[in-house]
């Protein structure tokens, strides 16, 4: 059967729609023939392709937040959200968090004031505007607060890290390539600080820390239990250093922590 009109090739259709946004549904193509009009709908991007578009559009998140107590930098939740929001809208993606479970534990601060420790588990699900969904799994977070913000802090932490994992976002943790090292007056991290995997000396340091804490417990049990108790230690490290394990601390951070504990013990010895 012949047609009065030449049907466009697949290459023509591709060129016609290659400038469309990744989440916009391309308009249908009407091809006229002798027996009627055929409607051709160009293929729609999959959910995984849309997520990939978001990941590719964000080069690296800057650490604009500063912990005033410890002096380390961290990525703020608002910076993560601000970077993702326009890309999610452009790619037709919707995010939903569900709280799987949480636990509130009454505890005390290092100075003996009442506080709450919140342990929280959330689940992130990503949807697109065609109904496809991706279960990104669970994220565990903990936070401690002397007021009523423990749950909010834990939820914020879980939300931030679930987004970083789901979209494979870089936060600039590679110290050797950190742009901050190039700024005038900024001291470049030493080789020890740049080491990501603690060596055998860290095990010795942790053993020394535990011995010191057990001695301190005789005089100041509340302060010592902050690092001796597993749950309290995880919450303390997460709040003050942004990590969950003593092995994840840099050499400088671990040295400062050990020095602080030994000075606290020295007041009693």
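The values are calculated or read from the model by the stated rules, or taken from the named source; none is laboratory data. Predicted model, so just to flag it, every value in this text is computed and none were measured. In this analysis, Cβ positions are derived from the backbone assuming ideal geometry, glycine residues included, and neighbour counts consider all displayed protein chains.
Would you call residue 93 assigned by TED's automatic domain parsing to the domain that holds residue 160, modelled with pLDDT of 90 or more and touching a strand residue (DSSP E or B) at 6+ places or on another chain (Cβ under 6 Å)?
Numbers: assigned by TED's automatic domain parsing to the domain that holds residue 160: yes; modelled with pLDDT of 90 or more: yes; touching a strand residue (DSSP E or B) at 6+ places or on another chain (Cβ under 6 Å): yes.
Spelling it out, residue 93 is indeed assigned by TED's automatic domain parsing to the domain that holds residue 160, modelled with pLDDT of 90 or more and touching a strand residue (DSSP E or B) at 6+ places or on another chain (Cβ under 6 Å).
None of 85, 123 is surrounded by fewer than 19 Cβ atoms within 10 Å (Cβ to Cβ) and either at pLDDT below 90 or part of a strand (DSSP E or B) (or both) except 123.
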